[in-house]
Amino acid sequence: MLDIKRLQYLVAVYRYRSFTRASEELFVTQPAISLAVKALERQTGIQLLDRQANGVVFTPEGEQYVLHAQHI
């Protein structure tokens, strides 16, 4: 079962391309956001994004997943 909170976190990371900015918007710690996204990746079996030193880059699959998540 998908957790709506995880989807909200993923959409915020997509919007800002940053775990830190997403955590500030949602008033949640950065590690909580990161763990939720990792859990979502494990649950779906899809690598949704690439973590880089200067932010995150969504994979093509991650881009599609976020589009669906935004509708939910």
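Residue by residue, here is whether (1) within 16 Å of D3 (Cβ to Cβ); (2) charged (D, E, K, R); (3) assigned to a strand (DSSP E or B) holds:
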site: R15; (1), (2), (3): no, yes, no
site: R21; (1), (2), (3): no, yes, no
site: E24; (1), (2), (3): no, yes, no
site: V28; (1), (2), (3): yes, no, no
site: V37; (1), (2), (3): yes, no, no
site: R42; (1), (2), (3): yes, yes, no
site: Q47; (1), (2), (3): no, no, no
site: Y65; (1), (2), (3): yes, no, no
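For the stretch 17-56, the set of residues classified as among the β-branched types (V, I, T), more than 19 Å from H68 (Cβ to Cβ) and buried (at least 16 other Cβ atoms within 10 Å of the Cβ) consists of V28, I33, listed by residue number. Within the stretch 2-53, the set of residues being among the acidic types (D, E) and touching a residue at least 24 places away in the same chain (Cβ under 8 Å) comprises D3 only. Does R6 meet the test of being touching a strand residue (DSSP E or B) at 6+ places or on another chain (Cβ under 9 Å) and either basic (K, R) or on the phi > 0 side of the Ramachandran plot (or both)? When the stated conditions are applied, R6 does not pass them.
Listed conditions (1) in contact with a Leu (Cβ under 9 Å, 6 or more places away or on another chain); (2) modelled with pLDDT under 95 are all met by I33, apart from (2).
The values are calculated or read from the model by the stated rules, or taken from the named source; none is laboratory data. The model shown is predicted, which means the values in this text are computed figures rather than measured ones. For neighbour counting, all protein chains shown are included, and Cβ atoms are generated from backbone atoms with ideal geometry for every residue, glycine included.
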